[in-house]
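The values are calculated or read from the model by the stated rules, or taken from the named source; none is laboratory data. It should be emphasised that the depicted structure is a prediction, and the values quoted were computed from it without experimental measurement. Cβ placement follows ideal geometry from the backbone for every residue including glycine, while neighbour counts extend to all protein chains displayed. These area figures cover heavy atoms from the full protein model, side chains too; ligands, DNA and RNA do not enter into them. Shrake-Rupley method; radii C 1.70, N 1.55, O 1.52, S 1.80 Å.
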Amino acid sequence: MAGIAEKAKTTISALKPKKPLKKKTLILIGMAVLILVIAVVLILKLTGGKEESKILTSRVTRGNVTKVIEGSGTIEAVEQYDITALVSGEILKDYFEEGQEVKEGDLLYEIDTSDIENNIEKSQASLEKTQLSYEQSVESVTNLTVRASITGTVQQVYIENGDNVGNNGKVADIINSDYMRLKINFNYNDAQNITAGQTADVYLESTSAPVTGEVTSVATGSLINSSGAPVSPVEIVVPNPGAIKPGDMATAVVGNYACNDAGTFEYFDTAVVTAKSSGEAYNLRVKAGDKVTAGDPLVYLESSSARVNARQSELSLKDSQLALQNLMEQRDDYNIKAPISGKVIQKNSKAGDKLGNNDRSTVMAIIADLSSLVFEISVDELDIGNIKVGQTVTVTADAMEGRTFTGHVDNVSIVGSSSNGVTSYPVKVVMDDGIDSGLIPGMNVNANIVIDSRTDVLRVPVSAVHRGNIVYVKNDSPTVKNGGTAENKDAKEENNKDNTAGKVSAIIGTTVYAEDEADTETPKAEQQTETKTEETKPATGGEASTPVPGTDGNAQGSTRRRPQGFGGAGNRQGRTPGQNTGNAQGGATNGENATVKEGEATAETQGQATPNAQATQGGANGTTRGQGGTTNGAGRGQGGAGNDRANAMASYNERLLKTMQENAPDGFTAVVVRVGLSDENYTEIISGLAEGDVVYLPDKTSSNTTAGFGGMGGFGGMGGMPMGGARTGGNTRTTGGNARTTGGNFRR
């Protein structure tokens, strides 16, 4: 490098003119010098970068991987109320101090009620007036029905239907002639011995036989008759046998006392019925000579104005009642009581202060229930399904460094809020220790909710896993030395549980290595012929394509749709032992007399499939797992081409692996792995690597074209695991989560 710089200096010295040059010559020389300097700088930068470039590596180790949802919030009391005045006036008394414990319903403030009392008194007077007006209007409507005032016989009717009857207009005359009233005088001294209710013998002038009657009243005073003697009027009622008429004369004897002179009969009762409201007569119900009883309707009147006035009076009455009720309720607001039991954490108003109309929003005091502390965090829509009520929450506070607190999830809201296309949901956390923890309302806290974890598993740094779940492994590592046959005991046990033997464990170059070679044996002939049906026809296809790198299928998808032909371990005729998800290497099992189910038909292949054709297993969220190029069971024969999605995935995986291998750092080989849980530091390795393998870590300061990116996973994913990098496009609310990606598969 020093030699290059020296040459540059020599060249520049040689270009210096020994005698003054022309202006044009000087410009050309300057441009040449500038170009030379730029070239030197570029050379120094390029060569220097290579010298400073360092390869970062890490080893496959065992440890724990924990997925945590993080959030932050502000500590609050479980309940907190701001005490405000709903009324104005002077505070006469206060009954508490700041820091004091109060109970729900305790009196806090008493405010002067003189103004409200005056308003209540006025409202009561107004209500009374409105009540009278309403009663009068109701009476007017009631009086539109004219009724008989006494029991008797109608003597005369003064109106007809359709007549306009005014207030106090005559309607009919009624008399009661069933009884007759005799008014007769007794000597004053005799009358003092007569009482109401006594029986009287009444003698009509026209008959000698007496009629029995009853004394109804005796005057308490006396009158002077024409003879100058003092007399007292006595009233006797007698039944009318029909011959007694008004004006007839009679005498009477009550006990041992006879009347002073004869008296005169009159009807027992008479009435002139008049209308008490104005209106048009309709439905006249009586005529002269009809017997009526007191209260019977005689005629109906119609008056719209009377009914309207009654309705208006009714509404006015309700308004007055509500106004008084509101004032009465407002009077209660002058005595301010504690809405909850708790501690007074702030007192702003005291006795003697005056509250104006503009002070109704002023906080007079604050009461908080500190028996329990809570805070709220926002959780991304991708993670909210992992949050459950009762989950333990680890809490830290910047104000209390070094201490860790615990809480639990109390509520998960289903009402979210959206921002920039992402919806978040509030989650309420309750602190287990409450105020005894030392936390107080207003403190900012950080929360961690563990939603999944793995212990004692193989793991690598998250940056070691590239797109397509590919890891660069150093050539002298056990996995590469053993030809990619590194075994992971945990993964193998998991595979046995899922009945998915034959999982791909590693891909070195373009060769696929299976965990269990025995799983790819050709099915026995007797297994292949178990489900033959009556009709057979030749199978289509017959020849397998060139070897294609296989990737594990997703058991979820294989249970939805299974290939029906042999060559795929997930077919229903003569499955390879242990295969039920269509995830084995297919082409190698294509043998003679293999059957394929197409609707109700079956067929035998000719055994033309090329051996060792690799399976195209898996896809985003598991579609058809065609084995060795088998179809999705739509009647294609052994070794036939897979569906379009399987072909596309196989082609993509092949190109991806080839590209990644070409870009591998010197001394490293691209290996496909099956990944599990990821956190902010590590990604779990289910299969494909061995403990102690040295893996390549990309330089974080440079642009790494091989690093994984979110949303590209899913093509041929191992067992449905994400094909994208474990932290590609990480969710801001989740440690180690994929941004907008579920398990590396495209969202649907």
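Numerical summary
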item	result
Test: residue in the range 424-435 that is within 26 Å of Gly105 (Cβ to Cβ) and among the polar types (S, T, N, Q)	no
Which listed residue is open to solvent by 60 Å² or more (accessible area, probe 1.4 Å) and at pLDDT below 90, from Thr207, Thr220	Thr207
Residue match in the range 415-437 (condition: part of a helix (DSSP H, G or I), aliphatic (A, V, I, L, M) and either touching a strand residue (DSSP E or B) at 6+ places or on another chain (Cβ under 8 Å) or open to solvent by less than 60 Å² (accessible area, probe 1.4 Å) (or both))	yes
All positions within the range 73-106 that are more than 13 Å from Lys350 (Cα to Cα), among the hydrophobic types (A, V, I, L, M, F, W, C) and open to solvent by 60 Å² or more (accessible area, probe 1.4 Å)	Leu86
Tally of residues being open to solvent by less than 60 Å² (accessible area, probe 1.4 Å) and closer than 14 Å to Ile69 by Cα across the range 379-390	8
Neighbours by Cβ (under 7 Å, 6+ apart or cross-chain): first from the range 95-109, over 9 Å from Ser341 (Cβ atoms) and free of Cβ contacts under 8 Å to residues at least 60 places away in the same chain; second in a loop (DSSP other than H, G, I, E, B) and open to solvent by 100 Å² or more (accessible area, probe 1.4 Å)	none
Residues (open to solvent by less than 70 Å² (accessible area, probe 1.4 Å) and either under 16 Å from Val427 (Cβ atoms) or part of a strand (DSSP E or B) (or both)) located in the range 391-407	Gln391, Val393, Thr394, Val395, Thr396, Ala397, Phe405, Thr406, Gly407
Residues being at pLDDT below 90, within 15 Å of Asn187 (Cβ to Cβ), open to solvent by 50 Å² or more (accessible area, probe 1.4 Å) and touching a strand residue (DSSP E or B) at 6+ places or on another chain (Cβ under 9 Å) - total across the range 223-256	0
Selection from the range 453-475 of residues that are surrounded by fewer than 22 Cβ atoms within 10 Å (Cβ to Cβ) and either among the small types (Gly, Ala, Ser) or assigned to a strand (DSSP E or B) (or both)	Ser453, Arg454, Thr455, Asp456, Val457, Pro461, Lys474
Per-region count, the range 251-283, residues touching a Ser or Thr at 6+ places or on another chain (Cβ under 8 Å), part of a strand (DSSP E or B) and more than 30 Å from Thr142 (Cβ to Cβ)	3
Contacts under 6 angstrom Cβ, first residue in the range 451-466 being under 22 Å from Lys388 (Cα atoms), partner among the basic types (Lys, Arg) and open to solvent by 10 Å² or more (accessible area, probe 1.4 Å), 6 or more apart	Ile451/Lys67; Asp452/Lys67
Subset of the range 338-366 (residues that are farther than 25 Å from Ile440 by Cα, open to solvent by less than 40 Å² (accessible area, probe 1.4 Å) and not hydrophobic (A, V, I, L, M, F, W, C))	Gly356
Contacts under 9 angstrom Cβ, first residue in the range 156-178 being touching a residue at least 12 places away in the same chain (Cβ under 8 Å) and open to solvent by less than 40 Å² (accessible area, probe 1.4 Å), partner part of a strand (DSSP E or B) and among the basic types (Lys, Arg), 6 or more apart	Ile159/Lys170
Residues (within 27 Å of Ser277 (Cα to Cα) and open to solvent by less than 50 Å² (accessible area, probe 1.4 Å)) located in the range 296-337	Pro297, Leu298, Val299, Leu301, Ser303, Ala306, Ala310, Ser313, Leu317, Ser320
Condition check for Asp112: within 51 Å of the chain's Cα centre (by Cα) and open to solvent by less than 60 Å² (accessible area, probe 1.4 Å)	yes
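Residue by residue, here is whether (1) modelled with pLDDT of 95 or more; (2) assigned to a helix (DSSP H, G or I) holds:
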residue: Ile91; (1), (2): no, no
residue: Gly99; (1), (2): no, no
residue: Asp115; (1), (2): no, yes
residue: Leu127; (1), (2): yes, yes
residue: Gln131; (1), (2): yes, yes
residue: Tyr134; (1), (2): yes, yes
residue: Val146; (1), (2): yes, no
